[in-house]
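The values are calculated or read from the model by the stated rules, or taken from the named source; none is laboratory data. All of these numbers come straight from a predicted model, not from anything done at the bench. Backbone-built Cβ (ideal geometry, glycine too); neighbour counts: all protein chains shown. We work out accessible area using only protein heavy atoms, side chains counted, and drop any ligands, DNA or RNA first. Shrake-Rupley method; radii C 1.70, N 1.55, O 1.52, S 1.80 Å.
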Amino acid sequence: MMSKNLVETNKKKRFDLDTYVFIDASNIREACRKSCGFCIDFLKFHTYLTRKYPKLRAIRYYEGVALDDKKKREYFEMLRKCGYIICSLERKSYTSPAKYKTVSCPKCSYNFKIGVAKKITKMKSNVDVYLASEFLQIAAENKKPKRLILVSCDGDYAEMIKIATEINSNLRLTVLATPFTSRNNFLSSRLRILSRELDKYIFKLDDISKIAEKISR
């Protein structure tokens, strides 16, 4: 059984690490709103992070923005003044065409088309690739112990996390995400599996709803 002094020493070491935070803003905002019922106040979130981690080096905020979205750009500027590093890419539209199939009437043999999928236009900016490249770059900068915190529920980051642990064995990795629920679940099963596969000293999956009172509007 560890002594009280040793427990306190280990706890201090965990929070004395150089810390870098990566926020997939659109993903975590939607997940918190639909899965947990609260909206993140990113100004409060910044305050929470700076108070919790005394050696916080950067909070990187990733989100796409349309070319003509003046309101979102003003919001980014406010976050930048607060202390965030804004990492943004232009959103572009991607259209999936409508799909049809031909059906023959069994009585008259007349052929007619019916729609099986509507035309869909989505706005995408691929900030997840941007985030992953910078996450791995910071992971590889040196082999000193450091903490990297990903704020997202997206399972596409699972491979990135595994590669980061291979690049630098001194990393301490945390994913801050919404909890797994049977209704309106956003937390990827790939992240849940990863939390069971990796050593708990290296990787931790944290529940963002536990700090909702400190970071919500």
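Observations on the structure shown:
- Couplings for region 161-170, taken from phi via the Karplus curve 6.51 cos²θ - 1.76 cosθ + 1.60 with θ = phi - 60°, read 5, 5, 5, 4, 5, 6, 5, 9, 6, 8 Hz in order; Gly and Pro are left as x.
- Cβ crowding within 10 Å averaged over residues, with 38-50, 142-154 ranked highest first: 142-154, 38-50
- Under the simplified labelling scheme, the Lys162-Glu213 pair shows an inter-label distance of 3.9 nm, with each label point 7 Å from Cα along Cα→Cβ.
- Pairs from the table (Lys146/Lys200; Lys81/Lys144; Lys34/Lys200; Lys162/Lys200; Lys44/Lys143; Lys44/Lys70) lying more than 20 angstrom apart at Cα are Lys81/Lys144; Lys34/Lys200; Lys44/Lys143; Lys44/Lys70.
- For region 153-201, the carbon plus sulfur part of the accessible surface works out to 47%, probe radius 1.4 Å.
- Distance between the pseudo-spin-label points of Thr50 and Met78 (7 Å out from Cα toward the beta carbon): 1.6 nm.
- Figure note: Thr178, Thr102 ranked by solvent-accessible area, largest first, 1.4 Å probe, ligands and nucleic acids not counted: Thr102, Thr178.
- Seen from Met78, the other residues with C-beta closer than 15 Å to its C-beta sum to a net charge of +3, counting Lys and Arg as +1 and Asp and Glu as -1.
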